[in-house]
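Enquirer: Mind looking over this structure? Questions follow.
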Amino acid sequence: MAWFFAANDSLKVTVNGGVIPQRKSISSFTETLTTDIAGDSGELRKTVRVVEVEIYEPASGETAMLYELGIPVVETGDKWHYNVLQKVPLNGDRDNVTPAYLRDLRTFVYNHMHF
């Protein structure tokens, strides 16, 4: 699994004795995406929020992934890594994002990176 860290140059992060490499995003944009928030009684409910999405070039041999706040969520196999800077909504099994969310994210990335 690809791990990287997006931060300023003065911060060094180590996990199990290994330094997590820092990368600089090749692009970022702000868009409106769905997210889950906790209601008054703790249940999760859907809402829509403006969020920043960072785009990263995968290193040689890496499979592109969707990240939530820098934490890997799921492989996408797309051209770039996507780091969404808010909670991403998961499917019922909590092992993937919903198809509608991934479709919306890919559409925004395509529109931003190709126009």
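The values are calculated or read from the model by the stated rules, or taken from the named source; none is laboratory data. What you are looking at is a predicted structure, and each value in this text was computed from that prediction instead of being measured. Every residue, glycine among them, receives a Cβ derived from its backbone with ideal geometry; neighbour counts consider all protein chains shown.
Enquirer: Hey, could you check region 22-47 for residues that are of a type in the set (D, E, K, R) and surrounded by 14 or more Cβ atoms within 10 Å (Cβ to Cβ) and say which is modelled with the highest pLDDT?
Expert: It comes out as GLU31.
Enquirer: Same structure, new question: Can you tell me which of THR63, THR76 is polar (S, T, N, Q), out of contact with any Lys or Arg (no Cβ under 7 Å at 6 or more places or on another chain), touching a residue at least 12 places away in the same chain (Cβ under 8 Å) and loosely packed, with under 15 Cβ neighbours inside 10 Å?
Expert: Going through THR63, THR76 in turn, the sole match is THR63.
Enquirer: Then there is this: Among the candidates VAL15, VAL50, single out the residue that is exposed (fewer than 10 other Cβ atoms within 10 Å of the Cβ), within 17 Å of HIS112 (Cβ to Cβ) and either at pLDDT below 95 or not basic (Lys, Arg) (or both).
Expert: VAL50
Enquirer: Select from region 75-109 the residues that are within 22 Å of VAL13 (Cβ to Cβ) and of a type in the set (A, V, I, L, M) and write down the one among them that is nearest to the chain's Cα centre (by Cα).
Expert: In this case the residue turns out to be VAL84.
Enquirer: For THR32, are the conditions met, namely being out of contact with any helix residue (DSSP H, G or I) (no Cβ under 7 Å at 6 or more places or on another chain), of a type in the set (S, T, N, Q) and part of a helix (DSSP H, G or I)?
Expert: Spelling it out, it is not the case that THR32 is out of contact with any helix residue (DSSP H, G or I) (no Cβ under 7 Å at 6 or more places or on another chain), of a type in the set (S, T, N, Q) and part of a helix (DSSP H, G or I).
Enquirer: Here's a follow-up. Which of the residues belonging to region 80-99 are in contact (Cβ under 8 Å) with a residue 40 or more places away in the chain and part of a helix (DSSP H, G or I)?
Expert: Within region 80-99, none qualify.
Enquirer: What number of residues in region 36-60 are part of a strand (DSSP E or B) and either in contact with a Phe, Trp or Tyr (Cβ under 9 Å, 6 or more places away or on another chain) or charged (D, E, K, R) (or both)?
Expert: 9
Enquirer: Another question, then. Do we find a residue being touching a Pro at 6+ places or on another chain (Cβ under 7 Å) and touching a residue at least 12 places away in the same chain (Cβ under 8 Å) anywhere in region 12-25?
Expert: No, region 12-25 contains no residue that is touching a Pro at 6+ places or on another chain (Cβ under 7 Å) and touching a residue at least 12 places away in the same chain (Cβ under 8 Å).
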